[in-house]
Amino acid sequence: MSGRDARDRAPRVKNRAPAAVQITAEQLLREAQERQEPSIQAPKQRVQDLEELSEFQGRKRNEFEGRIRYSRDSIRAWIKYAQWESSQNEFERARSVFERALDVDPRSTELWLKYTDMELKARNINHARNLYDRAVTLLPRVDALWYKYVYLEELLLNVPGARQIFERWMQWEPNDKAWQSYIKLEERYNELDRASAIYERWIGVRPIPKNWVIWAKFEEDRGKPDKAREVFQTALEFFGDEEEQVEKAQQVFAAFARMETRLKEYERARVIYKFALARLPRSKSASLYAAYTKFEKQHGDRAGVELTVLGKRRIQYEEELAYDGTNYDAWFSLARLEEDAYRADKEDGEDVEPTRVREVYERAVANVPPALEKRYWRRYIYLWLQYAAFEEIDTKDFGRARDVYKAAIKLVPHKTFTFAKLWLAYAYFEIRQLDVTAARKVLGAGIGMCPKPKLFSGYIELEMRLREFDRVRTLYEKFLTYDPSLSSAWIQWTQVESAVEDFERVRAIFELAVQQALDMPEIVWKAYIDFESGEGERERARSLYERLLERTSHVKVYISYALMEVSVLGGGEDEDGNEFEGEAGDPELARAVFARGYKDLRAKGEKEDRALLLESWKSFEEQHGSPEDLAKVEEMMPTTRKRWRKAEDGSDTLEEYWDLIFPDDERDANPTSFKFFQAAQQWAAQRGGEEGEGGLSYDLPSDSDEEEDEDEGEKDAEAMDEDD
């Protein structure tokens, strides 16, 4: 504590409560608006007589003329000048200004539109017509002028004039929107034959699929389906039957089929769909195939719908596999799809061959992983297993299934890695064929070529099911000869021998196991001790604990040893079904084990293990000991103290930690201070009994207590500075 400076402490958090008076963003904006100074407004001028009006007009004209002289190319200045003249009802002057502006820039669309708008506002219709005629003659590619001109004539109910303007416009072959406007004009006045003729002229200019579809839809809507079919047939003849041409005309095919569907000509629609799909590759007909699928779902029978959905999913999987042939998930999906289709056909009573399913599997297994690493083969090997299962279950072709297993085993590089599931699946297939000898040969070949624990375990499980215990013992001997460090294998072997009640062989196996360099020796020792305890052999179990303590002095071993001494061993039922009691334990022996373990751990300086042992000892005394024995153990319980040490990063800063203090360590290290501390504990306990709290707690203090301790330490440091 003395090495810390009070100024190094973090500053205390000040009051963060909201202020009593709150100011909102709305109030700030309102005050800013109110404090703005008013803008300067120009004074209003009032004209009293004609002389002042003439003077005002002359002054304004001089200003406009000056601006025009300064910037002659500024069309906005000319427009403002002309609009001001029109506002003064000086239309002759306004026309003069517009004409002067047109001399400057005769191709300004804005200038022509403003000029015509002025004439229309003044109701000078003929002047406006003349202006539109001049404008479209000069600027025939500006659609806005044509639209304004046509709208004016139609507004005046001069439909022949509007039609004449459209005819002039169509000679320039404008965009599709202009043609549609012309057609809508004829439709508004119910001139449908004229509109159909315009469609024909439009197709001659822009023969794209969209325009063909629009024309056919128009003919259908006006009640002429034969004419609509003629339009579609003409379109298909125009585009042709080649793959590229059909791909370009997909929109026409889809619209043609939809029209036939609306007319309830379902066979015609189906023929159109099939005609287009037969001439297009699967990768280019996704949208058309989706429309065909929807059509079959609505108007087809069950077989047709399933066939359509099946074809669509085939296209999807084939596209994925064309991109990556080693995408085994896609192969699985495609194989399951073909299997489901094959099963559905068989359920319908059809005599079908599994040719397509076998073709998919053969193509799938032909895509061997590119590298000899097991992670690339994990998904691949399941293709073989699924292939064999299909041949065995669905087609009942057992010879072909056996050939699939043999081909898979021949393909796997067993010298590098192997798959126990493949060997086991092949062996169980032979078991299902009632050929146990062949199954044993398969598993024997697997163990001989590439032994691995899973393969041994599967072979042993098979022999256990067949109740061939001599073969099981032989397999365990080979298994543990292959890898004697497998603790689980030793334990499984002892469980097999326990099941046949050959206890001497179980002990011999355990004795052989504990002499090996095991991967997890603790579970073997625990299984050995549990076996002897279950048989009621306390002396043998005690001997095993002593042997184990010679190898390790772990705290859990001492705790388990002590609990064994106090527990009841043996007991159960005899052959006649009569229950008998086991041998009771001795608490004194258990207490001696606890004391021995505590002494050993204290000598090694293992504080956490000592505390854990004392907790178990305390629980033991609460159940089996007297109050004096419990009090003795409680006196040995450690307390926690906050201490300081140098940081592990090598700097000179100090860090705090909590240390466990044992009474016997304090007694041996500082006898005098220990007596003083013991008296303080008694005083604290007495005070806690009177006030309902207190005593030296075994728990960690709270953060508030830490802050109070730091505050007191700072005050003491300040007092010492003042004394100095």
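I want to confirm something. Restricting to region 147-206 and keeping residues that are among the aromatic types (Phe, Trp, Tyr) and closer than 19 Å to ARG134 by Cα, which single residue is most open to solvent (accessible area, probe 1.4 Å)?
Restricting attention to region 147-206, the residues satisfying the condition of being among the aromatic types (Phe, Trp, Tyr) are 147, 149, 151, 166, 169, 172, 179, 182, 189, 199, 202.
Among the residues that remain, those that are also closer than 19 Å to ARG134 by Cα are: 147, 149, 151, 166, 169, 172.
On the way: TYR147: 72, TYR149: 20, TYR151: 140, PHE166: 8, TRP169: 1, TRP172: 112 Å².
Among those residues, the one meeting the criterion is TYR151.
Would you mind stating whether ARG67 is of a type in the set (Lys, Arg), at pLDDT 85 or above and assigned to a helix (DSSP H, G or I)? Yes, satisfied. Looking across region 240-271 at every residue that is under 24 Å from TYR199 (Cα atoms), assigned to a helix (DSSP H, G or I) and free of Cβ contacts under 8 Å to residues at least 24 places away in the same chain, the one that is most open to solvent (accessible area, probe 1.4 Å) is identified as GLN245.
Restricting region 662-696 to residues that are exposed (fewer than 14 other Cβ atoms within 10 Å of the Cβ) and either assigned to a strand (DSSP E or B) or among the aromatic types (Phe, Trp, Tyr) (or both) leaves a set whose member that is modelled with the highest pLDDT is TRP683. TYR328 meets each of the listed conditions (1) under 27 Å from the mean Cα position of the chain (by Cα); (2) farther than 19 Å from ARG313 by Cα; (3) not aliphatic (A, V, I, L, M) apart from (2). Considering only residues that are farther than 20 Å from PHE456 by Cβ and aliphatic (A, V, I, L, M), look in region 482-521 and name the one that is modelled with the lowest pLDDT. Here the answer is VAL514.
Being under 29 Å from ALA101 (Cα atoms), free of Cβ contacts under 8 Å to residues at least 60 places away in the same chain and of a type in the set (S, T, N, Q) is a condition met by at least one residue of region 137-144. Pairing residues of region 437-455 that are over 17 Å from LYS410 (Cα atoms) with residues that are open to solvent by less than 20 Å² (accessible area, probe 1.4 Å) and not in a helix (DSSP H, G or I), at Cβ distances under 7 Å and at least 6 apart in sequence or on separate chains, gives LYS452/THR418.
Between residues in region 100-116 that are surrounded by 20 or more Cβ atoms within 10 Å (Cβ to Cβ) and residues that are modelled with pLDDT of 90 or more and hydroxyl-bearing (Ser, Thr, Tyr), which pairs lie under 7 Å by C-beta distance while being six or more apart or on different chains? Pairs that qualify, where the first residue is surrounded by 20 or more Cβ atoms within 10 Å (Cβ to Cβ) and the partner is modelled with pLDDT of 90 or more and hydroxyl-bearing (Ser, Thr, Tyr), are THR116/TYR132. Of all residues in region 481-531, those that are of a type outside the set (Ser, Thr, Tyr), surrounded by fewer than 19 Cβ atoms within 10 Å (Cβ to Cβ) and touching an Asp or Glu at 6+ places or on another chain (Cβ under 6 Å) total 1.
Among the residues in region 307-321, are any open to solvent by 30 Å² or more (accessible area, probe 1.4 Å), at pLDDT 85 or above and over 17 Å from ILE393 (Cα atoms)? Looking through region 307-321, none of the residues is open to solvent by 30 Å² or more (accessible area, probe 1.4 Å), at pLDDT 85 or above and over 17 Å from ILE393 (Cα atoms). When region 47-93 is limited to residues that are more than 60 Å from the chain's Cα centre (by Cα) and among the basic types (Lys, Arg), the one that is nearest to ALA122 (Cα to Cα) turns out to be ARG93. Residues in region 421-454 that are surrounded by fewer than 19 Cβ atoms within 10 Å (Cβ to Cβ) and among the small types (Gly, Ala, Ser): ALA438, GLY444, ALA445, GLY448. Of all residues in region 29-64, those being of a type in the set (A, V, I, L, M, F, W, C), open to solvent by 100 Å² or more (accessible area, probe 1.4 Å), within 30 Å of ALA82 (Cα to Cα) and part of a helix (DSSP H, G or I) number 1. Looking at region 450-528, the helices (runs of 4 or more DSSP H) lying wholly inside it that each contain 2 or more residues that are closer than 26 Å to GLU539 by Cβ and out of contact with any strand residue (DSSP E or B) (no Cβ under 7 Å at 6 or more places or on another chain) sit at 487-499, 503-514.
The values are calculated or read from the model by the stated rules, or taken from the named source; none is laboratory data. None of these values were measured; they are calculated from a predicted model. Cβ atoms come from the backbone with ideal geometry, glycine included; neighbour counts cover every protein chain shown. For accessibility, only protein heavy atoms count, side chains too; no ligands or nucleic acids. Shrake-Rupley method; radii C 1.70, N 1.55, O 1.52, S 1.80 Å.
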